[in-house]
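The values are calculated or read from the model by the stated rules, or taken from the named source; none is laboratory data. On a predicted model such as this, the values are computed, not experimentally measured, just so you know. For neighbour counting, all protein chains shown are included, and Cβ atoms are generated from backbone atoms with ideal geometry for every residue, glycine included.
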Amino acid sequence: MRLIKFFVLLVFYSASAQSTYIIEGKVLSNGEPLPYTNIYLENTTKGTTTDEQGTFIIKNLAPGKYSIAASFTGYTLQKKTVTIKDKAVSVRFHLNENEDLEEVIITGTLKAVTRLESPVPVEVYSPTFLKKNPTPNIFEALQNVNGVRPQLNCNVCNTGDIHINGLEGPYTLVLIDGMPIVSGLSTVYGLSGIPNSLIEQIEVVKGPASSLYGSEAVGGLINVITKLPENAPTFFADGFVTGWGEVNLDAGFKANVSEKATVLFGANYFKYDNIIDNNQDNFTDLTLQDRISIFQKWDFKRANNKKLSLAGRYFYEDRWGGELQWTKADRGGDQVYGESIYTSRFEILGNYELPFKEKVNLQFSYSDHDQNSVYGDTPYLAKQRIAFGQFIWDKKISKHDLLLGTAVRYNYYNDNTTATIDADQVTIPSLFIQDEIAFSKKQSLLLGMRYDYDSRHGTIFTPRIAYKYKPTDNDIIRVNAGTGFRVVNLFTEEHAALTGARDVIIEEALNPEESYNINLNYLKKLYLKNGMYFTLDTSAWYTYFTNAIIPDYDSNPNQIIYDNLDGYSTSKGLSFSVDAVLKSGIKASIGATYQDVSQHENGTRTEQILTEKFSGIWSFSYKNYPTNLTLDYTGNIYGPMRLPLLGDLDPRQEYAPTWSIQNIQLTHDGLDNLEIYGGVKNLLNWTPNKGNPFIIARSNDPFDENVQFDTNGEVIATADNPYALTFDPSYVYGPNQGIRFFLGLRYKLN
């Protein structure tokens, strides 16, 4: 009996010892081994990486059914199902490159083309880019785009604009789904109301685009493209909190209303009501905000795949900043200083492809912006309505790819200031034509021109030319040249006029600015046999402005003086960026920009204020697939820039130091439909008050009650005011928020 028991145990032990198996295999790409590829079994902790020959082995596996995945950054994820019964299993993967340069873009030419085929260089940023450094709005999200800088313009209300290649915010046109509805008042306050969760991609064009988009597209444009309902998940939610007390929540869903109609609904809510004064000037370091944005987009199926979409957004925000003791009861008073802004805004935009054999689209939009604000004891009540419509005919004839269009834009603007005695109403009709001529597979030439008629300024003509040469599949050279023009909106120009003690002085009837630009771009794709690949992108540009309108802060510290420059201004520079996928699976992006922006008048050259000489951005991402953890490290750096001082006695630094904002994030996506992320923002705890005795001038006397002036209106230095200053919060070049942690959740149901 004992002998039988011993024999049974021996058989059981032998079977157990032989019950673990291996999965072995190889990973190839383009017929070559792909080393350092992540191999992992889903819903287990088992995984490995391929060696230099692209081979791998996963050991100690029990019999059963497994889902095995091969992943390498920059390549399409591939999964296979294998079953282990009584022997080892062999698997072979063939990974294809997930080439971002093949993404479809529309902004450069108003046509859907891949990035490599576009004669106009366009940069594309996906939701993955936005997730690397989560932000509550599109304005902050752009801080890690090379050559683009979100610029804060006020220490109190924290408004801002977007600089491209060193040019001020009014030179940047912001589009939503190709519609120019972010303009004027909304350029200052509307950028914070676009939720990131509803963005399909962001397209950035650097340099003039007035020949297609008209006024304001002088320095460049940013097109925020919202998700199509069919591309959105059934339900999604994304929320995070920060150590400063900020709360941000995005949520939405899509629904098939009928066989021919799909709707996407989304909402964003942001709340910050924690008064913080780390620099101890009795003013809020960060503006308090209560904001909601509601978005809805309809997509309809029509015969012959003709397009029909309609979208709408409503945005409301209550924000204030100022002295810590400020309350709603002090709004508009002269005892406690505060800046309080109520913004109510709605937008409608649509795209209808006409039921013709020819491809003709009607695009239209309407926005209504109502602002009720006070800056100290100065009320600013303003309304702006913008209606826009255009027909676009897309036609190919032999080697010619034609685009013909006509547009009309109506702008209504009214406020309570003496600068606007009567409401400003203007209707601008336009005609434009574009022809892309394909000489061969390697060469093409784009010719375009636009005609606008503005009753205030007459006829405006803006041509452009773009040449593309593609000597190999991995090299592309682009040369773009064109003109731009811009009609002035003073509130957009210098909102700081309302937030301080400066008066706006307009010395003459302002003429539109005109610009002449040339841009050279070279892009190179480089693939290595060990699986690494690089995308190198470099550009050089030169822009010459006539009739430039530059706010003069220097002549009189109590005034902002506007007039057309009696001379010229220039913007020139170089930019370089590298996107890389390294052997370890790290995906890296590094970019740098050098620029020189200056004005020339009466033989004198002056550097443009609040414009850095150089800047840089970087991001590093690494995912460990067995643990489902992704590490993101992002940052930027800015060189010195000239700042607006209030006089010779002002003790603050004339030039900002070199400064950097850096962030780190860890994301876990191992749970079904759920991601958990968290990290630290502003790792270096940098704020602009470091090295300065103060940031806001005369924060102890915001109504200038104790400031003395001489007979010429100049400030007199006194014992109470030794630096001869007036209250002014415009000395700002970076955010006042120091280091803070954040923690968030994302849920998605497909």
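Only one of these conditions is not met by Q608: (1) touching a helix residue (DSSP H, G or I) at 6+ places or on another chain (Cβ under 7 Å); (2) within 18 Å of G219 (Cβ to Cβ). Which number is it?
Tallying (1) touching a helix residue (DSSP H, G or I) at 6+ places or on another chain (Cβ under 7 Å); (2) within 18 Å of G219 (Cβ to Cβ), Q608 fails exactly one: (1).
Quick check: is even one residue across the stretch 138-149 within 30 Å of T242 (Cα to Cα), surrounded by fewer than 20 Cβ atoms within 10 Å (Cβ to Cβ) and at pLDDT below 90?
Yes, the stretch 138-149 has at least one match.
Only one of (1) among the β-branched types (V, I, T); (2) part of a strand (DSSP E or B); (3) at pLDDT below 95; (4) closer than 29 Å to P729 by Cβ fails for T593. Which number is that?
(3)
Would you list the strands (runs of 3 or more DSSP E) that sit entirely within the stretch 634-750 and hold 3 or more residues that are touching a helix residue (DSSP H, G or I) at 6+ places or on another chain (Cβ under 9 Å) and assigned by TED's automatic domain parsing to the domain that holds V241? Break it down into steps so the answer makes sense when it comes.
Values: elements: 659-671, 674-681, 740-749.
Output list reads 659-671.
Check whether at least one residue in the stretch 368-391 is in the same structural domain as K301 (by TED's automatic domain parsing), within 20 Å of Y453 (Cβ to Cβ) and of a type in the set (V, I, T), and report yes or no.
Among the residues of the stretch 368-391, at least one is in the same structural domain as K301 (by TED's automatic domain parsing), within 20 Å of Y453 (Cβ to Cβ) and of a type in the set (V, I, T), which makes the answer yes.
Does Y380 satisfy the condition of being closer than 30 Å to W320 by Cβ, in contact with a Leu (Cβ under 6 Å, 6 or more places away or on another chain), of a type in the set (S, T, Y) and modelled with pLDDT under 95?
Values: closer than 30 Å to W320 by Cβ: yes; in contact with a Leu (Cβ under 6 Å, 6 or more places away or on another chain): yes; of a type in the set (S, T, Y): yes; modelled with pLDDT under 95: yes.
Answer is yes for this residue.
Can you find, within the stretch 46-76, the residue that is farthest from F93 (Cα to Cα) among those that are of a type in the set (F, W, Y) and part of a strand (DSSP E or B)? Show your work before the answer.
To start, the set of residues in the stretch 46-76 that are of a type in the set (F, W, Y) comprises 56, 66, 72, 75.
Of the ones still in play, those that are also part of a strand (DSSP E or B) are 56, 66, 75.
Working: F56: 11, Y66: 15, Y75: 12 Å.
Restricting to residues being of a type in the set (F, W, Y) and part of a strand (DSSP E or B), the top hit is Y66.
Every residue in the stretch 430-467 that is touching a residue at least 40 places away in the same chain (Cβ under 8 Å) and farther than 20 Å from T483 by Cα, please.
F439, S444
Among the numbered conditions (1) within 30 Å of P722 (Cβ to Cβ); (2) touching a strand residue (DSSP E or B) at 6+ places or on another chain (Cβ under 9 Å), tell me where P693 comes up short.
(2)
Do we find that G169 is under 26 Å from D318 (Cβ atoms) and over 11 Å from the mean Cα position of the chain (by Cα) in this structure?
yes
Within the stretch 315-336, work out how many residues are surrounded by fewer than 17 Cβ atoms within 10 Å (Cβ to Cβ) and either in contact (Cβ under 8 Å) with a residue 60 or more places away in the chain or part of a strand (DSSP E or B) (or both). Let's see the steps before the verdict.
From the stretch 315-336, those surrounded by fewer than 17 Cβ atoms within 10 Å (Cβ to Cβ) are 316, 318, 324-325, 327-329, 332-335; that's our starting set.
Subsequent filtering for residues that are either in contact (Cβ under 8 Å) with a residue 60 or more places away in the chain or part of a strand (DSSP E or B) (or both) retains 316, 318, 334.
So the answer is 3.
Among S344, S373, which is the only one that is in contact with a Cys (Cβ under 9 Å, 6 or more places away or on another chain) and either modelled with pLDDT of 95 or more or not charged (D, E, K, R) (or both)?
Details: S344 fails: in contact with a Cys (Cβ under 9 Å, 6 or more places away or on another chain).
Being in contact with a Cys (Cβ under 9 Å, 6 or more places away or on another chain) and either modelled with pLDDT of 95 or more or not charged (D, E, K, R) (or both) holds for just one of S344, S373, which is S373.
Please go through (1) buried (at least 19 other Cβ atoms within 10 Å of the Cβ); (2) closer than 22 Å to G169 by Cβ for I637 and return the number of the only condition it doesn't satisfy.
Evaluating I637 over (1) buried (at least 19 other Cβ atoms within 10 Å of the Cβ); (2) closer than 22 Å to G169 by Cβ leaves (1) as the failure.
Tell me which residues, restricted to the stretch 640-679, are surrounded by fewer than 16 Cβ atoms within 10 Å (Cβ to Cβ), over 26 Å from Q737 (Cα atoms) and of a type outside the set (D, E).
L649, H668, G670, L671, N673, L674
Out of the strands (runs of 3 or more DSSP E) lying entirely within the stretch 77-171, which hold 2 or more residues that are in contact (Cβ under 8 Å) with a residue 60 or more places away in the chain and not assigned by TED's automatic domain parsing to the domain that holds P735? Reasoning before the result, please.
Numbers: elements: 78-84, 89-94, 123-125, 148-152, 160-164.
In the stretch 77-171, 89-94, 123-125, 148-152, 160-164 are the strands (runs of 3 or more DSSP E) which contain 2 or more residues that are in contact (Cβ under 8 Å) with a residue 60 or more places away in the chain and not assigned by TED's automatic domain parsing to the domain that holds P735.
Among the residues that make up the stretch 370-389, is at least one of them surrounded by 15 or more Cβ atoms within 10 Å (Cβ to Cβ), of a type in the set (G, A, S) and within 25 Å of S118 (Cβ to Cβ)?
no
For residues that are surrounded by 14 or more Cβ atoms within 10 Å (Cβ to Cβ), of a type in the set (A, V, I, L, M) and within 20 Å of N624 (Cβ to Cβ), scanning just the stretch 62-97, find the one that is modelled with the lowest pLDDT.
L95
Within the stretch 399-411, is there a residue that is under 28 Å from the mean Cα position of the chain (by Cα), closer than 22 Å to I181 by Cα, at pLDDT 90 or above and among the hydroxyl-bearing types (S, T, Y)?
yes
Is it the case that N38 is over 22 Å from K87 (Cβ atoms) and buried (at least 19 other Cβ atoms within 10 Å of the Cβ)?
On the way: over 22 Å from K87 (Cβ atoms): yes; buried (at least 19 other Cβ atoms within 10 Å of the Cβ): yes.
Considered against the rule, which asks whether it is over 22 Å from K87 (Cβ atoms) and buried (at least 19 other Cβ atoms within 10 Å of the Cβ), N38 comes out as yes.
Taking the stretch 389-429 only, how many residues are part of a loop (DSSP other than H, G, I, E, B) and in contact (Cβ under 8 Å) with a residue 60 or more places away in the chain?
In the first step, residues of the stretch 389-429 are kept if they are part of a loop (DSSP other than H, G, I, E, B); the result is 398-399, 416-423.
Right, trim to in contact (Cβ under 8 Å) with a residue 60 or more places away in the chain and you get 419.
Final tally of qualifying residues: 1.
Please verify whether the stretch 98-113 includes one or more residues that are modelled with pLDDT of 90 or more and either under 30 Å from L445 (Cβ atoms) or surrounded by fewer than 19 Cβ atoms within 10 Å (Cβ to Cβ) (or both). It would help to see each step written out before you state the result.
First, pick out the residues of the stretch 98-113 that are modelled with pLDDT of 90 or more: none.
Scanning the stretch 98-113, I find no residue that is modelled with pLDDT of 90 or more and either under 30 Å from L445 (Cβ atoms) or surrounded by fewer than 19 Cβ atoms within 10 Å (Cβ to Cβ) (or both), so the answer is no.
What are the residues in the stretch 172-189 that are assigned to a loop (DSSP other than H, G, I, E, B) and modelled with pLDDT under 80, if any? Explain how you work it out, then say what you get.
Residues of the stretch 172-189 assigned to a loop (DSSP other than H, G, I, E, B): 177-178, 183-184.
S183, G184 - these are the residues of the stretch 172-189 that are assigned to a loop (DSSP other than H, G, I, E, B) and modelled with pLDDT under 80.
Among the residues of the stretch 603-625 satisfying the criterion of being in a strand (DSSP E or B) and among the polar types (S, T, N, Q), which is farthest from S584 (Cα to Cα)? Let's see the steps before the verdict.
If we filter the stretch 603-625 for residues that are in a strand (DSSP E or B), which is where we start, we get 604-607, 614-624.
Narrowing the set further to residues that are among the polar types (S, T, N, Q) leaves 604, 606, 615, 619, 621, 624.
Details: T604: 53, T606: 47, S615: 28, S619: 15, S621: 11, N624: 10 Å.
Checked the stretch 603-625; the qualifying residue farthest from S584 (Cα to Cα) is T604.
Could you list, in sequence order, all residues of the stretch 347-366 that are assigned to a strand (DSSP E or B) and out of contact with any Ser or Thr (no Cβ under 7 Å at 6 or more places or on another chain)?
Keep residues of the stretch 347-366 that are assigned to a strand (DSSP E or B), which gives 347-353, 359-366.
Within the stretch 347-366, Y352, E353, K359, V360, N361, L362, Q363, F364, S365, Y366 meet the criteria.
Condition first: of a type in the set (D, E, K, R) and part of a loop (DSSP other than H, G, I, E, B). Now tell me which residues in the stretch 200-244 satisfy that. Working first, answer last.
So the first thing to find is which residues in the stretch 200-244 are of a type in the set (D, E, K, R), and the list is 200, 203, 206, 216, 227, 230, 238.
Matches in the stretch 200-244: E216, K227.
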